[in-house]
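Here is the structure we will look at, set down as structure tokens.
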Amino acid sequence: MIPYGRQEVLEEDIDAVIDVLRSGLLTQGPTVPSFEKTIAEYSGAAHAVAVNSATSALHIACLALGLGPGDLLWTSPITFVASANCARYCGAEIDFVDIDLSSYNISIDALKRKLLAAEQHGRLPKIVVPVHLCGLSCDMEELSALSKRYGFKVLEDASHAIGGSYRKSRIGSCAFSDVTVFSFHPVKIITSIEGGMALTNDQELADRMAVLRTHGITRDRSKMTTPVDELWYYEQIELGFNYRMSDVQAALGISQSKRINNYVKKRNQLAHRYDKLLVSLPFETPPRTPDCYSAFHLYVIRLIPGKGPMMNKRNQLFNRLREAGVGVNLHYIPVHLQPYYRCLGFGPGDFPEAERYFQEALTLPLFPTMERKEQDFIVANLEKAALQ
Ligand SMILES: *Cc1c(COP(=O)(O)O)cnc(C)c1O
């Protein structure tokens, strides 16, 4: 089976990990700060806080941005559940904004309409979480203008998007947001096994997230309520968590980060090759926007309804491809249709564009080490499955 994604671990990655294992400093050593510095410099943000997953990063970012009971967070229904769950961890409420079928990202028009209505009802969101689906940036300038007009914070879920850019800024620079989150799960662009990072240009937010990552404990005198002039003294100033990344993981992350540009370039080349190979087939190839360089974490095609015998039969197509050894996937089941969110009152029909996308979407395998013959095999099977 050709998987939909596959990480690459080179000998140099293994050596970097072994060096840390031999150093004796397995966690809370110098390697995590060094990984933070590497990613902050790469992205162009002033500060970075490494944690054990993007999910943890979203959680502490929400807390640092002041999200709590009674508050509201909005995100896209077409995302991994973590983009929404972070609100629930904070006791806040969640709502969704439908997607735009020309980008598969949050629809700016739908957002504008919803904000206008929310203002009238006095129920504006505290945070909006744009998700750069498949690695393609949302329209951040529009979002940032709306955040100023309506007073919400912007938390970018860039789990798919390290190495991509929007206009002249790298994703992660936080040029149009308060915080940006990356994931280093093995299926993402680069990996630290499990891992995530929150980037920001705001020193206060960075400090707050760093404290929340480690139990709410500080050794910074200026943050203590009653500083004691002893070396052993520390204070727990709020309720935090153990969300630390280990130095062993950070070593892998640093080693992998040298290849972000190559990986993203390779992903773009393969995506363009897919576009060409699929040109005569009845599928919608992934959307592009002129001012974005996608990280191409995922290559999602859509079945065009009514075109060809299989076109209303995504599931059948999916099964045929899996049987043929092509590890197709589906990103994502709309979050609002998950049983947990249905219990909160959401249901079918709430976000029609997202639900339509869900009926038609199919993720083809894409990873930087994919060979041409693998790609040809995938396309040949897709053609066979779609036209027979
Ligand atoms: C993978 C992913 C996450 C969660 O990442 P973890 O590092 O596994 O916690 C969050 N949001 C999106 C969009 C993702 O794809």
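Taken together, 189, 193 contain a single residue that is part of a loop (DSSP other than H, G, I, E, B), of a type in the set (Val, Ile, Thr) and either on the phi > 0 side of the Ramachandran plot or away from the ligand (no atom under 16 Å from the Cβ) (or both), which is 193. Applying the set (1) in contact (Cβ under 8 Å) with a residue 60 or more places away in the chain; (2) more than 16 Å from the ligand (Cβ to nearest atom) to residue 335 leaves exactly one unmet item: (2).
Regarding residue 246, is this residue modelled with pLDDT under 95 and of a type outside the set (Lys, Arg)? Spelling it out, it is not the case that residue 246 is modelled with pLDDT under 95 and of a type outside the set (Lys, Arg).
Conditions (1) farther than 23 Å from residue 199 by Cβ; (2) free of Cβ contacts under 8 Å to residues at least 12 places away in the same chain, marked per residue:
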{"position": "2", "(1), (2)": "yes, no"}
{"position": "7", "(1), (2)": "no, no"}
{"position": "14", "(1), (2)": "yes, yes"}
{"position": "18", "(1), (2)": "yes, yes"}
{"position": "24", "(1), (2)": "yes, yes"}
{"position": "30", "(1), (2)": "no, no"}
{"position": "36", "(1), (2)": "no, no"}
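All of (1) more than 16 Å from the ligand (Cβ to nearest atom); (2) part of a loop (DSSP other than H, G, I, E, B) hold for residue 367 with one exception: (1).
Looking across the range 273-286, the residues that are open to solvent by 20 Å² or more (accessible area, probe 1.4 Å) and closer than 19 Å to residue 4 by Cβ come down to 273, 275, 277, 284, 285.
Number of residues in the range 50-69 that are out of contact with any Phe, Trp or Tyr (no Cβ under 8 Å at 6 or more places or on another chain), within 14 Å of the ligand (Cβ to nearest atom) and among the hydrophobic types (A, V, I, L, M, F, W, C) equals 2. Does residue 72 qualify as being closer than 30 Å to residue 356 by Cα and within 16 Å of the ligand (Cβ to nearest atom)? So residue 72 fails the test.
From the list 29, 44, the one residue that fits, being open to solvent by less than 40 Å² (accessible area, probe 1.4 Å) and not hydrophobic (A, V, I, L, M, F, W, C), is 29.
Does any residue of the range 340-347 turn out to be among the aliphatic types (A, V, I, L, M) and at pLDDT 95 or above?
First, the residues of the range 340-347 that are among the aliphatic types (A, V, I, L, M): 344.
Pick out the ones that are also at pLDDT 95 or above and you get 344.
The answer is yes, given that some residue of the range 340-347 is among the aliphatic types (A, V, I, L, M) and at pLDDT 95 or above.
The set of residues from the range 210-222 being in a helix (DSSP H, G or I) and open to solvent by 60 Å² or more (accessible area, probe 1.4 Å) comprises 221, 222. Taking each residue of the range 68-84 that is under 11 Å from residue 334 (Cα atoms) and looking for partners that are near the ligand (Cβ under 9 Å from one of its atoms) with beta-carbon atoms closer than 6 Å, six or more apart or interchain, yields 76/131; 78/332; 79/131. Within the range 249-272, can one find any residue that is under 30 Å from residue 66 (Cβ atoms), open to solvent by 20 Å² or more (accessible area, probe 1.4 Å) and either part of a loop (DSSP other than H, G, I, E, B) or not small (Gly, Ala, Ser) (or both)? Yes, the conditions are met somewhere in the range 249-272.
So in the range 362-387, with the set limited to residues that are open to solvent by 20 Å² or more (accessible area, probe 1.4 Å) and over 19 Å from residue 263 (Cβ atoms), which one is modelled with the lowest pLDDT?
Filtering the range 362-387 down to residues open to solvent by 20 Å² or more (accessible area, probe 1.4 Å) leaves 369, 371-374, 376-377, 380-381, 383-384, 387.
Those still in the list that are over 19 Å from residue 263 (Cβ atoms) too: 373, 376-377, 380-381, 383-384, 387.
Values: 373: 97, 376: 98, 377: 98, 380: 97, 381: 97, 383: 95, 384: 94, 387: 81.
Checking each candidate, the answer is 387.
Of all residues assigned to the range 332-355, none qualifies as being open to solvent by less than 40 Å² (accessible area, probe 1.4 Å) and within 19 Å of residue 385 (Cβ to Cβ). Within the range 105-132, residues that are over 20 Å from residue 59 (Cα atoms) and within 16 Å of the ligand (Cβ to nearest atom) have Cβ atoms under 7 Å from residues that are hydrophobic (A, V, I, L, M, F, W, C) and in a helix (DSSP H, G or I) in these pairs: 105/133, counting only partners at least 6 apart in sequence or on another chain.
The values are calculated or read from the model by the stated rules, or taken from the named source; none is laboratory data. Not measured: the values here are computed from a predicted model. Neighbour counts run over all protein chains shown; Cβ positions are idealised from the backbone, glycine included. For the accessible areas, the whole protein counts, side chains as well, though only heavy atoms, and no ligand, DNA or RNA atoms are used. Shrake-Rupley method; radii C 1.70, N 1.55, O 1.52, S 1.80 Å.
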